[in-house]
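What follows is a single structure, written as structure tokens, with notes after it.
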Amino acid sequence: DTLLRTLKSIETIQAAGITVEALAEETAMWNYTQAKEKMAACIAKFGTKIELVLANNDEMALGAIAALQEAGFFSANNTIPVLGVDATESALEAVEKGLLLGTVLQDAQQQGNAVFELIYALAENRATFTLNYKIKSGKYIWIPYQMITKANVKNFRTVRHGELR
């Protein structure tokens with residue numbers, strides 16, 4: 001999933017007419033500290049050539065932000081957009097503060113609902129069934145990602161907290 005997500009992110013940026021040069025691709029194992037260390041190494045190597053950071057989870061995005069802050073980025077004249085995935089509470093706070101440009105929710109609740117519907121239909125030995133979710137390419141159940149930015153984070157928090165009650 002992470003490989004496809006990264007590829008699609010880069011393709012989307014390119015489709016918008018923006019030239020992309022990947023300076024580095026690092027694996028930080030979903031870990032804040034590893035991401036911070038790897039981002040610090042990238043900053044030492046590439047400096048102001050870095051224009052965007054795409055992270056495949058919020059912990060890595062927040063680690064990258066910490067390294068960028070320590071290196072003097074995130075001033076009025078020098079901010080690098082960082083994007084994460086998971087819509088964790090700490091990421092939502094960073095979005096509200098303007099440190100994280102955005103995060104993407106992979107809706108685990110909806111994914112679970114889709115799996116339940118599929119298993120239930122199979123358990124009933126139904127040859128055909130209708131899911132309440134979009135089927136892609138005849139074999140994938142598609143649960144849309146939700147982009148959360150400063151513009152919609154408050155509404156997202158309201159909806160999320162409302163659903164948890």
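The values are calculated or read from the model by the stated rules, or taken from the named source; none is laboratory data. This one's a predicted model, so the numbers in the text were calculated from it and none came from an experiment. Here Cβ is always computed from backbone atoms with ideal geometry, including for glycine, and neighbour counts include all displayed protein chains. The protein model used for the area step is the full one, side chains on, heavy atoms only, and it has no ligands, DNA or RNA in it. Shrake-Rupley method; radii C 1.70, N 1.55, O 1.52, S 1.80 Å.
Points to keep in mind about this one:
- Separation between Cα centres of region 75-135 and region 39-61, rounded to whole Å: 23 Å
- Close amide H contacts of Gly102 (hydrogens built in the peptide plane, cut-off under 5 Å, sequence separation of 5 or more or a different chain): Val82, Gly84.
- Cα-based Lys pair tally, the chain, threshold under 30 Å, eight or more apart or on separate chains: 25
- Accessible surface for Leu118 stands near 50 Å², nearest 10, in the context of the full protein assembly shown (1.4 Å probe).
- Accessible area in the full protein assembly, largest first, 1.4 Å probe, for Leu3, Leu101: Leu3, Leu101
- Per residue accessible area in Å² of the chain, where ligands, DNA and RNA are left out and the probe is 1.4 Å: 66 Å²
- Taking every DSSP beta bridge that has both ends in the chain, the antiparallel portion is near 60%.
- Neighbour net charge for Phe46 - beta-carbon separation under 14 angstrom, K R +1, D E -1: -1
- Counting protein heavy atoms only, region 1-147 has 54 percent of its accessible area on carbon and sulfur, 1.4 angstrom probe.
- Solvent-accessible area of Ser9, all protein chains in place: 40 Å² (probe radius 1.4 Å, heavy atoms, ligands and nucleic acids excluded).
- Heavy atoms of Lys154: accessible area, 1.4 Å probe, square angstrom to 10: 140 Å²
- Extension gain from Leu122 to Thr27, taking 0.36 nm per residue of separation minus the Cα-Cα distance: 30.4 nm
- Read-out Rg and Dmax of the Cα atoms in Å, derived from the coordinates shown; its label in (i) 18.6, 61; (ii) 16.0, 52; (iii) 15.0, 43: (i)
- Relative contact order, whole percent, for the chain stands at 16, derived from Cα pairs under 8 Å and 6 or more residues apart.
- Local electrostatic count, Ala55, Cβ distance below 15 Å [Lys/Arg +1, Asp/Glu -1]: -4
- Only helices enter this figure: runs of n ≥ 4 DSSP H residues, each worth -39500 (n - 2.57), summed and divided by the residues of the chain, yield -15000 deg cm²/dmol at 222 nm to the nearest 500.
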